[in-house]
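J.: Structure in structure tokens, see below.
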Amino acid sequence: MKKIGLALGGGGAKGFAHIPILEVFDELGIKPACITGTSIGAIMGALYASGHTGKDIADMIDHLIVKPQKSSLKDFFRNKDLFKFLQLMDPQLSLKPKGLIKGDKLLAFLYEQMQVDSFEELKIPLSVVATDFWRKEQVVFNQGDLLPAVRASMAIPYVFTPIIMDDRILVDGGLVNNVPHDLLNPQCDIQVAVDITGNNSKPKTKIPSPLDAMFNTYDVMMDAMAREKLKNHPVDIYLQPPIMDIEMLDFHKAETIYQQGLAAKDDFKRKLEHQLESKAPELDWLRRK
């Protein structure tokens, strides 16, 4: 029987571009045999693996984030009533904070949506990636408690408080493996990877601002790792939605990000259908009953 493996990359708010890709599976009436995810890809993967459709996830986001009248982040935060997502942000109040946000409220929201405690309860096998900060190595979770693993995978250094697990200090998996398609089950016949790093339209000769330097450095590192990994671990379909001028924390631009992801949807659907047709004789198990 033919199996599809799906890898969802990290990128903060850019992860809303994953939703149109998930919608393709729903429209074709099929499900991945396994999912891997990093950071926001781990969150989207967990939601989808728990049984939610792409539309369900889009509705969750729509409920949390009400569209502002202006696109400026500065203008947007002047009216916090518009940003319900802020209700999930619990600041770390300390003279020596380990991160700006604890993340406990976000975990509670995810549990409310999924009603799943462990990897074993998911409807689709899931693996998520975190980074052992001091050992400088990848940590992969695919069994046991789900939410702490997802929380560790998305712990952008200093933005979110790290997760302490056993003798490890765990932070965002994007530091070591931002598009974890190499972790897909090798028995998958069709491997799909979604890279949401994106691009920006700023002049290439422009000196970066401090904020640009902070976030773009992260993007440069993740993009370089993804390129090298693809050379050693090619996949059947490697998607890079045309995400433009979006930063990691641009959650207020959810609709724009979704629309940018939508631009890759039809092409992905054609490519996936082509892969499926070429393997049609053994496809029946994928179809929903």
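J.: Pick out the one residue from Asn185, Asn177, Asn216 that is open to solvent by less than 80 Å² (accessible area, probe 1.4 Å) and either among the aromatic types (Phe, Trp, Tyr) or farther than 28 Å from Leu146 by Cα (or both).
T.: Exactly one of Asn185, Asn177, Asn216 is open to solvent by less than 80 Å² (accessible area, probe 1.4 Å) and either among the aromatic types (Phe, Trp, Tyr) or farther than 28 Å from Leu146 by Cα (or both), namely Asn216.
J.: In the set Ala226, Ala263, Ala254, which member is of a type in the set (A, V, I, L, M), closer than 23 Å to Ala58 by Cα and touching a residue at least 40 places away in the same chain (Cβ under 8 Å)?
T.: Among Ala226, Ala263, Ala254, only Ala254 is of a type in the set (A, V, I, L, M), closer than 23 Å to Ala58 by Cα and touching a residue at least 40 places away in the same chain (Cβ under 8 Å).
J.: What single numbered condition from (1) modelled with pLDDT under 95; (2) open to solvent by 20 Å² or more (accessible area, probe 1.4 Å); (3) under 17 Å from the mean Cα position of the chain (by Cα) fails to hold for Tyr158?
T.: Exception for Tyr158: condition (3).
J.: Residues that are closer than 29 Å to Asp104 by Cα and among the acidic types (Asp, Glu), at least 1 per element: which strands (runs of 3 or more DSSP E) completely within segment 134-221 meet that?
T.: 137-141, 168-172
J.: Take Ile163 and decide whether it is over 17 Å from the mean Cα position of the chain (by Cα) and at pLDDT below 95.
T.: yes
J.: Continuing with this model, one more query. Please find, within segment 114-146, the residue that is farthest from Leu6 (Cα to Cα) out of those that are among the aromatic types (Phe, Trp, Tyr) and surrounded by fewer than 19 Cβ atoms within 10 Å (Cβ to Cβ).
T.: By that ranking, first place goes to Trp134.
J.: So Pro241 clears everything in (1) touching a strand residue (DSSP E or B) at 6+ places or on another chain (Cβ under 7 Å); (2) at pLDDT 95 or above except one condition, right? Which one?
T.: (1) is the only condition that Pro241 fails.
Here is a yes/no grid of residues against (1) open to solvent by less than 10 Å² (accessible area, probe 1.4 Å); (2) under 21 Å from Glu121 (Cβ atoms); (3) outside any loop (DSSP other than H, G, I, E, B); (4) at pLDDT 90 or above:
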site: Gly10; (1), (2), (3), (4): yes, no, no, yes
site: Lys14; (1), (2), (3), (4): yes, no, yes, yes
site: Ile30; (1), (2), (3), (4): yes, no, no, yes
site: Gly45; (1), (2), (3), (4): yes, yes, yes, yes
site: His52; (1), (2), (3), (4): no, yes, no, yes
site: His63; (1), (2), (3), (4): no, no, yes, no
site: Asp75; (1), (2), (3), (4): no, no, yes, no
site: Gln87; (1), (2), (3), (4): no, no, yes, no
site: Ser94; (1), (2), (3), (4): no, no, no, no
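J.: Given the criteria closer than 21 Å to Asp223 by Cβ, of a type in the set (Gly, Ala, Ser) and buried (at least 16 other Cβ atoms within 10 Å of the Cβ), does Ala149 qualify?
T.: no
J.: Pro234: closer than 27 Å to Asp59 by Cβ, open to solvent by 30 Å² or more (accessible area, probe 1.4 Å), at pLDDT 90 or above and outside any helix (DSSP H, G or I), yes or no?
T.: In short, no.
J.: For segment 190-211, give me each residue that is surrounded by 16 or more Cβ atoms within 10 Å (Cβ to Cβ) and either over 23 Å from Leu262 (Cα atoms) or among the acidic types (Asp, Glu) (or both).
T.: Asp195, the sole residue that qualifies.
The values are calculated or read from the model by the stated rules, or taken from the named source; none is laboratory data. Because the structure is predicted, anything quoted here is derived from the model rather than measured. Neighbour counts are summed over all protein chains in view; Cβ atoms, including those assigned to glycine, are modelled from backbone coordinates with ideal geometry. Only protein heavy atoms, including side chains, enter the accessible area calculation; ligands, DNA and RNA are left aside. Shrake-Rupley method; radii C 1.70, N 1.55, O 1.52, S 1.80 Å.
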